[in-house]
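What follows draws every value from the coordinates through simple rules; no lab data is involved. None of the values given here were measured: they were computed from a predicted structure. Note that we place each Cβ from the backbone using ideal geometry, even for glycine, and neighbour counts take in every protein chain shown.
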Amino acid sequence: MIRSLVVLGVLFPPSAFLPAGLLAQSKQRSDRQIGEQVPEARLRRAYREKAVAKIGPDSRSFVETYGDSAVSLIETCSRPVSAKLVGFHNSGALAKLPRPHDLLTVIADPRHGDDVALWAIEHAGELADMDSFDAYLATPLDYAMNLKSLQAGAAEIRAARFGPSAGTAAQPDTWKSLLNEDRVGFACFVGLIVIVLWGRWRKRQLRNL
């Protein structure tokens, strides 16, 4: 009897008696779980290897140092410009900039690409200044298209940074003027009291006469 049940279990598994819709849902859940179990790290590694293969072995250090930012940049920029950025990194010049990752992220923007990258490489010395660097990252095409000077942009950054402090510095003068006004008011108040007291004293003197 037991042997017969085992044979029936093998020939007709329990799933055979389940509705087709329930089996389909179970399969979808299983496929989704398998997809979720594929590590994102594997995909990111595949993208890095693809980027290195596109530019060449010399790009290995660039891709591994800047990771996803480098991969996105290589996808956005042309191969010659990407190769120049790799050389820019390998020379050590890229690391001298204030925030290289932020620069690469800006370059990787599809609206920027080659023009922004080439301008940054050619003006690396100017971008070493923090204010100039921040100005470039804010509106890179303004400088890459020669619509604005980097010096003007850096000056605007400095003005925005020091503007509030200048207003704070003006506070002592305001307080001084207020104090001066208070002194005048206090003097007038004391004068009024003196006049009132003198008037009362004068009346008493007149009554005594």
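Worth pointing out:
- Spin-label pair L197/T65, simplified geometry with 7 Å Cα→Cβ offset, distance in nm: 8.2 nm
- Per-residue Karplus couplings for region 120-135, computed as 6.51 cos²θ - 1.76 cosθ + 1.60 with θ equal to phi - 60°, are listed in order as 5, 5, 5, 10, 4, x, 5, 6, 5, 6, 4, 5, 5, 5, 5, 5 Hz, Gly and Pro entered as x.
- K54-M130 pseudo-label distance in nm [points 7 Å out on the Cα-to-Cβ vector]: 3.4 nm
- Each residue of region 145-159 is assigned a 3J(HN,Hα), and the resulting list reads 9, 6, 8, 7, 7, 5, 4, 5, x, 5, 5, 5, 4, 5, 4 Hz, derived from the Karplus form 6.51 cos²θ - 1.76 cosθ + 1.60 (θ = phi - 60°), x at Gly and Pro.
- Under the shape rule built on the C-alpha gyration tensor, where the axes satisfy a ≥ b ≥ c, region 67-114 is oblate, since a/c reaches at least 1.5 while a/b does not exceed b/c.
- Between region 43-69 and region 109-163, the alpha-carbon center distance in angstrom: 27 Å
- A83 sits among other residues whose Cβ lies under 12 Å from its own Cβ, and their net charge, with Lys and Arg +1 and Asp and Glu -1, is +1.
- The modelled label-to-label distance between S78 and N146, using points 7 Å beyond Cα along the C-beta direction, is 1.8 nm.
- Whole-Hz couplings from phi, Karplus 6.51/-1.76/1.60, listed for region 60-73; x for Gly and Pro: 4, 5, 4, 5, 6, 6, 10, x, 4, 4, 5, 4, 4, 5
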